[in-house]
1. Using only Cα atoms, locate the centre of region 232-299 and the centre of region 58-72, then give the distance between them in Å, rounded to an integer.
2. Name the shape class, rounded, prolate or oblate, that the alpha-carbon gyration tensor gives for region 159-223, where a ≥ b ≥ c are the square roots of its eigenvalues, rounded holds for a/c under 1.5, and otherwise prolate holds if a/b is larger than b/c and oblate otherwise.
3. For the chain, give the magnitude of the charge dipole about the Cα centre (Cβ charges: +1 Lys/Arg, -1 Asp/Glu; no others), in debye to the nearest 20.
4. Given +1 on the Cβ of Lys and Arg, -1 on the Cβ of Asp and Glu, and no further charges, what dipole in debye does region 278-335 carry about its Cα centre, rounded to the nearest 20?
5. Which semi-axis lengths, in whole Å and largest first, follow from the square roots of five times the eigenvalues of the Cα gyration tensor of region 200-296?
6. Within 10 Å, count the other beta carbons around each residue, average over each peptide in 171-177, 35-41, 273-279, and list them highest first.
7. Quick one: pull the percent of accessible area on the chain belonging to carbon and sulfur, 1.4 Å probe, ligands and nucleic acids left out.
8. Check cross-link reach from residue 270 to the aspartates and glutamates: straight Cα distance under 13 Å, and skip same-chain residues fewer than eight apart.
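The values are calculated or read from the model by the stated rules, or taken from the named source; none is laboratory data. Everything quoted here is computed from the prediction, not taken from an experiment. No Cβ is skipped: glycine too gets one built from the backbone with ideal geometry, and neighbour counts run over all protein chains shown. Side chains included, ligands, DNA and RNA excluded: accessible areas come from the protein's heavy atoms. Shrake-Rupley method; radii C 1.70, N 1.55, O 1.52, S 1.80 Å.
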Amino acid sequence: MSKFLNFNLRDFGAGIWSGWNRPTRVIFVLLCIAVSGLLPFAAEFGPTSFLNTPVASYIDVLVYPIGMFVLMALGLNIVVGKSGLLDLGYIAFFAIGAYTHAVLSTLYGWNAWESLPVGMFFAMISGVVLGLPALRLRGDYLAIITLGFGEIVRIVALNIEITGGPNGIPGIPNPPGFFGVEFNLEYSRNFYYIVLVLILLTIWMIRRFTVRRPGRAWEAIRQDEDVAELMGVNTLVYKLWSFVIGAAVGGAAGVIFASKVMVISPDMFKFEVSILILACVVFGGIGNIWGVILGAGLLAYIPERIRFLTETRQLVFGLVLIIMMNIRPDGLLPRKKREKITQKGSK
């Protein structure tokens, strides 16, 4: 039984992947993208009709929380998984992107496509503002500062006039359509494809960084920051890079989220959301892109699927997390290097 529970799905998949040539890998990746593109239609077929949720429509749940959680978890994984930095205030970047679009659209008439790069820019600037003083610290101290930053952003939004205070900002317009593709409540499926494109671009970006100097520097910092610094790695610069890139992903997600829901308020950006996104990264497998996607998808979907349990829903959800993290303490799909280190430590 223990052998079954400890079955290393990642090594099994890696063994198959390493045996394929490049054309086979390309075909497999294209098939995965095609399957992802067909997900909005899954609940319409008999074998997958269980995907329908008791309250919200399957398409809406597929956009938020599932799609958004996957996107934000990928962004947070750059900070936590690649660089080994604990960030407890990631929701702040999501909120900055959302409020940027809300203000620009309601006060100045900007559409979502115009606000998207601006929202990412402001999120990146906030990453620099947070990172320059905070990244000189490590461990628990860094976690406390990021936690405080997330709460500062929410409290500021709660108390200033331009953000609407506790009432938030209503009347945010949907993105304008193009080539006959509309984006409104009747076409929620199209929002999913926007999120899917952002997810694919984020995966591509992470993989490009991973095989280049920033990725190697992040790996060195994650393993041992002191040794990395002695070897000539400018640790502050590369940690700041991870913060800024992760913030950009969170800001982009915030812009799309605001344009989808059409009204935002500070209550949407509580500390609990940051913790849940971090749980997605840990549950799936810190540092492993595919594990993070799987973890975020499950942790976003399960609470929506069991809403019929009402008051006991969170209890069941918590029990699932406890059981799974005892069975798979390194996550569903852990990094290969991380798992080897764990195995050596257990010996």
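1. So the separation of the two Cα centres works out to 13 Å.
2. Cα axes put region 159-223 in the oblate bin.
3. 1460 debye
4. 60 debye
5. Listed largest to smallest, the semi-axes of region 200-296 are 29, 15, 14 Å.
6. Taking the mean over residues of other Cβ atoms within 10 Å, the ranking is 273-279, 171-177, 35-41.
7. Answer for the chain: carbon and sulfur cover 68 percent of the accessible area.
8. Straight-distance partners of residue 270: 151.
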